[in-house]
1. Of everything in the stretch 32-53 that's free of Cβ contacts under 8 Å to residues at least 12 places away in the same chain and among the charged types (D, E, K, R), which residue is least open to solvent (accessible area, probe 1.4 Å)?
2. Residues that are small (Gly, Ala, Ser): find the helices (runs of 4 or more DSSP H) completely inside the chain holding 1 or more of those.
3. Out of the stretch 31-52, which residues are under 20 Å from Phe13 (Cβ atoms) and either modelled with pLDDT under 95 or among the polar types (S, T, N, Q) (or both)?
Amino acid sequence: MSQIISHHKGKGFNDYINDLKIDYIITLLKEDRKIRNYTNTALAEEAGFSTTQRFVHAFKANTKMPPSYFIEELKNGMYKTSEEI
């Protein structure tokens, strides 16, 4: 399975799974304003990360910014939500 993911996605298995988890959290943050008030620990748990530290690291690797900054940008209207599309 790892070889297939590496060949088709150009990344390792763990990175691929972490990207899927972060994409899930980004979707939740964009669609549900209540989620934007969650702590990093709560977001990490929601996404299935074993630690908050791993979540923050994966989030930064995926988005090039920490979760708190991304959420602040959402609140300021920087990113379009599904309600605005």
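The values are calculated or read from the model by the stated rules, or taken from the named source; none is laboratory data. In this text the structure is predicted, and so the values were computed from the model without any measurement. Every residue, glycine among them, receives a Cβ derived from its backbone with ideal geometry; neighbour counts consider all protein chains shown. Remember, those area values only see protein heavy atoms, side chains included, never the ligands or the DNA or RNA. Shrake-Rupley method; radii C 1.70, N 1.55, O 1.52, S 1.80 Å.
1. Only one residue fits best here, namely Asp32.
2. On the way: elements: 2-9, 13-31, 40-47, 52-63, 67-75.
Because the criterion is at least 1 residues that are small (Gly, Ala, Ser), the helices (runs of 4 or more DSSP H) in the chain that meet it are 2-9, 40-47, 52-63, 67-75.
3. To start, the set of residues in the stretch 31-52 that are under 20 Å from Phe13 (Cβ atoms) comprises 44, 47-51.
Selection gives Ser50, Thr51.
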